[in-house]
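Structure, as structure tokens:
The values are calculated or read from the model by the stated rules, or taken from the named source; none is laboratory data. Keep in mind that what you see is a predicted model, and the values were worked out from it rather than measured. Cβ atoms come from the backbone with ideal geometry, glycine included; neighbour counts cover every protein chain shown. Keep in mind that these areas ignore ligands, DNA and RNA; they rest on the heavy atoms of the full protein, side chains included. Shrake-Rupley method; radii C 1.70, N 1.55, O 1.52, S 1.80 Å.
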There are 2 protein chains.
Amino acid sequence: MDFTGIAREISSRSNISVSPKDVERLFGALKKTKLPWELIDLSDFPVPSVFETMRVLHEKGLVLISDRGFKLTRKGKEVANEVHPVEDISCSMCDGRGINLEGFSQLEKRFLKIQTRRPKAIRRFDQGYVTPKTTLSRFAFSYERGDIVGKEIIVLGDDDLMSIVLGLSGLPKRITVVEIDERLTDFIESTAKKEGFQVDVERFDLRHPLPREHTRRYDTFFTDPPETLKAADAFIGRGISALRTPGSAGYFGFTRREASLRKWHDVQRMLLKYKIVFTDIIHNFNEYINWGYEEETRAWRLSPIKVKPKKNWYRSALYRFETLPGFRGNNKDYNNENIYEDEESSTT
Amino acid sequence: MDFTGIAREISSRSNISVSPKDVERLFGALKKTKLPWELIDLSDFPVPSVFETMRVLHEKGLVLISDRGFKLTRKGKEVANEVHPVEDISCSMCDGRGINLEGFSQLEKRFLKIQTRRPKAIRRFDQGYVTPKTTLSRFAFSYERGDIVGKEIIVLGDDDLMSIVLGLSGLPKRITVVEIDERLTDFIESTAKKEGFQVDVERFDLRHPLPREHTRRYDTFFTDPPETLKAADAFIGRGISALRTPGSAGYFGFTRREASLRKWHDVQRMLLKYKIVFTDIIHNFNEYINWGYEEETRAWRLSPIKVKPKKNWYRSALYRFETLPGFRGNNKDYNNENIYEDEESSTT
């Protein structure tokens, strides 16, 4: 099968860079599922391109599309049989995150209870939060790396409730949250009061430069930017300018569901220019809970099959980096610019 | 404690960039061990800087050095008590690699038996090979990513015996090995004959450009370069020039035992210029077996305490990347230049 030719056709039709490997993986995924959201999860490239690929494969007589899902035709099956089956062989104990949560069972218990009362995701702020196990794993991971104990930590946008896990642990020296959504700032503040930990919470729109009292003040930051280059620059760039010394750590999530590997490349180059160094990139570390407003999204409109997702299908990689001597962040003001949408995004 | 000041002093004395975070971690490690090689394993920064740090701490009255190891003084203990304890909380099932080996038990059994007869590491070629579990995990990891089944694969330098695991699996379409050490090429060839798999083995010095019959011919490569910038450029650059289409995959190991995070940054920037994108960086994925010629190395000469390592202490991260449209490799000829040593290296 000419995957290179198909990849070229899809890249040009969807205006998103798709590789022969992406198309091949999609065929492997079609052997496992007929449902659109699971297909995206397994194929691991941007939503608009996956759906465009299904249209192309339909036109070529390789796939049938019905209300019940996608189905390989006999011709399609012949192609699929040549390719590698998509299998999940990630470690069943840590779900591929590589981290042992056993030492944190009390923290886990308390956080699991608290987060049941959390505000739901809303579309207005492009929210979509991770499973509590993801937040706990992110905490354990950064704990192991020495980025938590006795550290001053800032969380830029906190719908994943990192600040609550940090606060419950009692380990950081100081925790600051900047977050645009009042429901979340209220929830974090009232939880802190009830559970008896300190956290400075501030309502803030990350399109604006970080106030001076937060620059060069922290050892560690966490953020989960929307997946455009500009939003990554704004959110992660603010994070870097909040850091104090070389060897400070930044954490962010970045998905392939809304970002091609070309965009990943652009983000990597952009961030290296700020004089940071990537120390870890962990595939599918972050698992997001289906946010409930699927029908309002571009992804839904693009889908050739209108069914709600049953399983969690949106995942992202966890990036960790450290600052080097001479590092600098981004304090450009984006004012009210829409930095949240591009060709590849689809969940707003 | 002024970790920033100490870091600056060590950076200038050892001519290697060391961060306050590195120094802090070393104090955390000193709470766990008094042995030099374990200290380096836990501290996770270059050997020459770790030993230089111990000298500085000794001068400052924070550490005692004797034949039995390092020992924190009372003043040193006060500093250590302020810092984060270094703990291994990586998943006990997958050792933090995130990969499940259960599906490969037959392969594991066969490989474990075969590798017992392998040639030992020799200093002449800067050899040091990984544990068989590391090689098997590397295989499983790349299998999951779709880089093995039906693929044409080249291994550039193969003291880790990747080609044997690949051959035993029966899954790749084609396997090529280029390797300088005749003992290894002989061992791989005779194993292939005995076990009945195909592999093309060629004696080759990676300082020279890859012959034309190997360029743009493969889907996947594996390599484990010496840790200088030039050797990384040569080995990984040859790998990239061996790849065929966008979406091809490259794997390499890179340690912090012989490379500062500044060098990591330089390697990352250098490789991004070849139009690749990093998809995974997994900390401590590769565990090396103590190579036996420790006393002949620079690391030994630098160590203030002359004891042989008891446990494996040399680890490196596993990097995976994919090529993007317009990617290119490095086919510069280094002739007989010594590209294997720099300020930060110490195991040759």
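Would you check which residues across the stretch B:84-106 are farther than 15 Å from B:Thr135 by Cβ and in contact (Cβ under 8 Å) with a residue 60 or more places away in the chain and list them?
B:His84, B:Val86, B:Ser90, B:Gly96, B:Gly98, listed by residue number.
Has the stretch B:289-300 got at least one residue that is among the hydrophobic types (A, V, I, L, M, F, W, C), within 22 Å of B:Asp159 (Cα to Cα) and under 12 Å from the mean Cα position of the chain (by Cα)? Don't jump to the end; show me each part of the working.
Step one: filter the stretch B:289-300 for residues among the hydrophobic types (A, V, I, L, M, F, W, C), giving B:289, B:291, B:299-300.
Restricting the remaining residues to those that are within 22 Å of B:Asp159 (Cα to Cα) gives B:289, B:291, B:299.
From what's left, under 12 Å from the mean Cα position of the chain (by Cα): B:289.
Within the stretch B:289-300 (the criterion being among the hydrophobic types (A, V, I, L, M, F, W, C), within 22 Å of B:Asp159 (Cα to Cα) and under 12 Å from the mean Cα position of the chain (by Cα)), the answer is yes, since at least one residue qualifies.
Looking for whichever is within 14 Å of chain B (Cβ to nearest Cβ) and either surrounded by 18 or more Cβ atoms within 10 Å (Cβ to Cβ) or not aromatic (Phe, Trp, Tyr) (or both) here; the options are A:Leu171, A:Leu72, A:Leu184, A:Leu161. Which one fits? Don't jump to the end; show me each part of the working.
On the way: A:Leu72 fails: within 14 Å of chain B (Cβ to nearest Cβ); A:Leu184 fails: within 14 Å of chain B (Cβ to nearest Cβ); A:Leu161 fails: within 14 Å of chain B (Cβ to nearest Cβ).
So the residue among A:Leu171, A:Leu72, A:Leu184, A:Leu161 that is within 14 Å of chain B (Cβ to nearest Cβ) and either surrounded by 18 or more Cβ atoms within 10 Å (Cβ to Cβ) or not aromatic (Phe, Trp, Tyr) (or both) is A:Leu171.
Taking the stretch A:50-64 on its own, how many of its residues are more than 14 Å from every other protein chain (Cβ to nearest Cβ) and within 29 Å of the chain's Cα centre (by Cα)? Please lay out each step first, then the result.
Step one: list which residues in the stretch A:50-64 are more than 14 Å from every other protein chain (Cβ to nearest Cβ), which gives A:50-52, A:54-64.
Subset that is within 29 Å of the chain's Cα centre (by Cα): A:50-52, A:54-57.
Of the residues in that region, 7 qualify.
Can you tell me which residue among B:Gly239, B:Gly329, B:Gly292 is part of a loop (DSSP other than H, G, I, E, B) and within 30 Å of A:Asn284 (Cβ to Cβ)?
On the way: B:Gly239 fails: part of a loop (DSSP other than H, G, I, E, B); B:Gly292 fails: within 30 Å of A:Asn284 (Cβ to Cβ).
Only one candidate qualifies: B:Gly329.
Restricting attention to the stretch B:266-278, report how many residues are open to solvent by 10 Å² or more (accessible area, probe 1.4 Å) and facing another protein chain (nearest Cβ under 7 Å).
First pass over the stretch B:266-278, keeping only residues open to solvent by 10 Å² or more (accessible area, probe 1.4 Å): B:266, B:269-270, B:273-275.
Narrowing further to those that are facing another protein chain (nearest Cβ under 7 Å): B:269.
Selection size over the stretch B:266-278: 1.
Give me the pairs: first residue in the stretch A:16-28 and hydroxyl-bearing (Ser, Thr, Tyr), second residue open to solvent by 10 Å² or more (accessible area, probe 1.4 Å), beta-carbon distance under 6 Å, and six or more apart or on different chains, which are they?
Cβ pairs passing all conditions: A:Ser17/A:Ser11; A:Ser17/A:Arg262; A:Ser19/B:Pro246.
Quick check on the stretch A:83-90. Is at least one of its residues of a type in the set (Asp, Glu) and outside any loop (DSSP other than H, G, I, E, B)?
Going through the stretch A:83-90, the residues of a type in the set (Asp, Glu) turn out to be A:87-88.
Checking which are outside any loop (DSSP other than H, G, I, E, B) leaves us with none.
The answer is no; no qualifying residue exists.
In the stretch B:242-288, what residues are of a type in the set (Gly, Ala, Ser), under 17 Å from B:Tyr340 (Cα atoms) and touching a strand residue (DSSP E or B) at 6+ places or on another chain (Cβ under 8 Å)?
Filtering the stretch B:242-288 down to residues of a type in the set (Gly, Ala, Ser) leaves B:242, B:247-250, B:253, B:259-260.
From the residues that got through so far, the ones that are under 17 Å from B:Tyr340 (Cα atoms) too are B:253, B:259-260.
The one that is of a type in the set (Gly, Ala, Ser), under 17 Å from B:Tyr340 (Cα atoms) and touching a strand residue (DSSP E or B) at 6+ places or on another chain (Cβ under 8 Å): B:Gly253.
Residue-wise test of (1) within 14 Å of chain A (Cβ to nearest Cβ); (2) farther than 27 Å from A:Arg25 by Cα; (3) basic (Lys, Arg).
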site: B:Val83; (1), (2), (3): yes, yes, no
site: B:Ser90; (1), (2), (3): yes, yes, no
site: B:Phe104; (1), (2), (3): yes, no, no
site: B:Phe125; (1), (2), (3): no, yes, no
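Checking the structure you have, find out if any residue of the stretch A:303-318 is within 14 Å of chain B (Cβ to nearest Cβ) and either over 16 Å from the mean Cα position of the chain (by Cα) or of a type in the set (A, V, I, L, M) (or both). Break it down stepwise before answering.
Initially, the stretch A:303-318 is screened for residues within 14 Å of chain B (Cβ to nearest Cβ), giving A:315-318.
When the remaining residues are screened for being either over 16 Å from the mean Cα position of the chain (by Cα) or of a type in the set (A, V, I, L, M) (or both), the result is A:317-318.
Taking every residue of the stretch A:303-318 in turn, at least one turns out to be within 14 Å of chain B (Cβ to nearest Cβ) and either over 16 Å from the mean Cα position of the chain (by Cα) or of a type in the set (A, V, I, L, M) (or both).
In the list A:Asn338, A:Asn331, which residue meets the criterion of being without any contact (Cβ under 8 Å) to a residue 40 or more places away in the chain and open to solvent by 40 Å² or more (accessible area, probe 1.4 Å)? Full working, then the answer.
Working: A:Asn331 fails: without any contact (Cβ under 8 Å) to a residue 40 or more places away in the chain.
When all the criteria are applied, what remains is A:Asn338.
Find the residue count for the stretch B:197-229, including only residues that are of a type outside the set (Asp, Glu) and surrounded by fewer than 21 Cβ atoms within 10 Å (Cβ to Cβ).
Start the filter on the stretch B:197-229 by keeping residues that are of a type outside the set (Asp, Glu), which leaves B:197-199, B:201, B:203-204, B:206-212, B:214-218, B:220-223, B:225-226, B:228-229.
Of the ones still in play, those that are also surrounded by fewer than 21 Cβ atoms within 10 Å (Cβ to Cβ) are B:197-198, B:201, B:203-204, B:207-209, B:211-212, B:214-217, B:229.
Residues that pass the stated criteria total 15.
Is it true that B:Ala242 is within 14 Å of chain A (Cβ to nearest Cβ), within 29 Å of B:Ile99 (Cα to Cα) and at pLDDT 95 or above? If you could, list the steps in order and put the result at the bottom.
Numbers: within 14 Å of chain A (Cβ to nearest Cβ): no; within 29 Å of B:Ile99 (Cα to Cα): yes; at pLDDT 95 or above: yes.
Here the answer is no, as B:Ala242 does not meet what is asked.
Does A:Ser19 satisfy the condition of being open to solvent by 60 Å² or more (accessible area, probe 1.4 Å), of a type in the set (S, T, N, Q) and within 23 Å of B:Phe141 (Cβ to Cβ)?
On the way: open to solvent by 60 Å² or more (accessible area, probe 1.4 Å): no; of a type in the set (S, T, N, Q): yes; within 23 Å of B:Phe141 (Cβ to Cβ): yes.
So A:Ser19 does not fit the description; no.
Test of understanding: among B:Arg257, B:Arg262, which residue is under 17 Å from the mean Cα position of the chain (by Cα), within 12 Å of chain A (Cβ to nearest Cβ) and either open to solvent by less than 10 Å² (accessible area, probe 1.4 Å) or not small (Gly, Ala, Ser) (or both)?
Details: B:Arg257 fails: within 12 Å of chain A (Cβ to nearest Cβ).
Exactly one residue qualifies, and that residue is B:Arg262.
Please tell me if A:Lys32 is farther than 18 Å from B:Gly247 by Cα and modelled with pLDDT of 95 or more.
On the way: farther than 18 Å from B:Gly247 by Cα: yes; modelled with pLDDT of 95 or more: no.
So A:Lys32 fails the test.
Residue by residue, here is whether (1) assigned to a helix (DSSP H, G or I); (2) under 19 Å from B:Ser303 (Cβ atoms); (3) in the same structural domain as B:Pro304 (by TED's automatic domain parsing) holds:
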{"site": "B:Arg55", "(1), (2), (3)": "yes, yes, no"}
{"site": "B:His58", "(1), (2), (3)": "yes, yes, no"}
{"site": "B:Gly61", "(1), (2), (3)": "no, no, no"}
{"site": "B:Leu64", "(1), (2), (3)": "no, yes, no"}
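Being in contact with a Pro (Cβ under 6 Å, 6 or more places away or on another chain), open to solvent by less than 60 Å² (accessible area, probe 1.4 Å), within 30 Å of B:Ile281 (Cβ to Cβ) and of a type in the set (A, V, I, L, M, F, W, C): is that true of A:Leu302 here?
Working: in contact with a Pro (Cβ under 6 Å, 6 or more places away or on another chain): yes; open to solvent by less than 60 Å² (accessible area, probe 1.4 Å): yes; within 30 Å of B:Ile281 (Cβ to Cβ): no; of a type in the set (A, V, I, L, M, F, W, C): yes.
Judged against the criteria, A:Leu302 is not a match.
Quick check on the stretch A:34-51: of everything there that is aromatic (Phe, Trp, Tyr) and assigned to a helix (DSSP H, G or I), which residue is nearest to A:Lys77 (Cα to Cα)? Step through it out loud before you land on a result.
The first filter runs over the stretch A:34-51 and keeps only residues aromatic (Phe, Trp, Tyr), leaving A:37, A:45, A:51.
Then drop every residue that is not assigned to a helix (DSSP H, G or I), which leaves A:37, A:51.
Values: A:Trp37: 20, A:Phe51: 19 Å.
Result: A:Phe51.
Yes/no matrix, rows are residues, columns are (1) crowded, with 19+ Cβ neighbours inside 10 Å; (2) at pLDDT below 95; (3) not assigned by TED's automatic domain parsing to the domain that holds A:Arg183:
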residue	(1), (2), (3)
A:Pro85	no, yes, yes
A:Asp88	no, yes, yes
A:Cys94	yes, no, yes
A:Arg97	yes, no, yes
A:Gln106	no, no, no
A:Lys109	no, no, no
A:Leu112	no, no, no
A:Pro119	no, yes, no
A:Arg123	no, yes, no
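Test A:Val56 against the criterion of being more than 23 Å from A:Ala317 (Cα to Cα) and buried (at least 22 other Cβ atoms within 10 Å of the Cβ), and give yes or no. Let's see the steps before the verdict.
Numbers: more than 23 Å from A:Ala317 (Cα to Cα): yes; buried (at least 22 other Cβ atoms within 10 Å of the Cβ): no.
No, not satisfied.
Could you tell me how many of the residues in the stretch B:1-49 are out of contact with any strand residue (DSSP E or B) (no Cβ under 8 Å at 6 or more places or on another chain), at the interface with chain A (Cβ under 9 Å from one of its Cβ atoms) and of a type outside the set (D, E, K, R)?
Result for the stretch B:1-49: 9.
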